[in-house]
């Protein structure tokens with residue numbers, strides 16, 4: 001009987017020691033960790049006048065008509081890069097004003113007296129490698145075709161975009 005008790009006790013101790021071994025042996029373990037950091041950017045459009053770009057009442061056949069809220073000191077639009085993790089390229093595009101009045105009649109320049117660039121319906125870069133907290137200014141101009149545009153009110157949407165440089 002004593003022998004049986006000693007054998008049972010030895011077996012029980014062996015079982016306890018075996019189960020406790022992993023907890024005793026592993027005082028430190030590693031697990032993999034990973035993260036993907038996305039690029040981020042934010043822009044703000046500041047309009048020189050009241051909401052939007054206004055060309056006023058124009059006659060057919062006129063060209064280089066400026067945004068009425070801009071002048072040689074005040075740009076039509078300032079595109080500010082608010083925050084970001086990367087430098088950005090700023091882009092612009094527009095929609096047609098209506099039948100016979102294509103977006104190609106709209107132009108922009110980086111200075112009041114600067115070269116005028118024709119807008120298109122696809123994004124085109126107007127400033128590159130702009131840092132976070134940087135900005136770019138634009139003046140807007142409009143040509144009214146000589147023919148093909150009936151009298152009336154027309155509108156377009158100009159869109160500005162920031163993409164990682």
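Every number in this text was worked out from the coordinates using simple rules, so none of it is lab data. A quick note: this is a predicted structure, and the numbers were derived from the prediction, not measured. Note that we place each Cβ from the backbone using ideal geometry, even for glycine, and neighbour counts take in every protein chain shown.
Based on C-alpha pairs under 8 angstrom that are at least 6 apart in sequence, segment 30-143 has a relative contact order of 33 percent. Given their separation in residues at 0.36 nm each and the Cα-Cα distance between them, residue 45 and residue 161 gain 40.7 nm when the chain is fully extended. Taking every Cα-Cα distance in segment 75-165 and sorting them into 10 Å bins starting at zero, the pair-distance distribution P(r) comes out as 16, 44, 28, 9, 2 percent. Relative to the current alpha-carbon distance between residue 95 and residue 150, full extension at 0.36 nm per residue lengthens the span by 18.0 nm.
As a rough footprinting exposure proxy, the listed residues 142, 110 were ranked by other beta carbons within 10 Å of their own, and the order from fewest upward is 110, 142. Counting neighbouring beta carbons within 10 Å and listing from fewest to most, the residues 156, 63, 76 come out as 63, 156, 76. From most to least packed by mean Cβ count within 10 Å, the peptides 33-41, 96-104 give 96-104, 33-41.
The mean sequence separation of alpha-carbon pairs under 8 Å and at least six residues apart, normalised by the residue count of segment 82-127, gives a relative contact order of 46 percent. Spin-label pair residue 113-residue 33: with each label point 7 Å from Cα along the Cα-Cβ axis, the two points sit 5.9 nm from one another.
Counting every other Cβ atom within 10 Å of each residue's Cβ, 123, 108 order from fewest to most as 123, 108.
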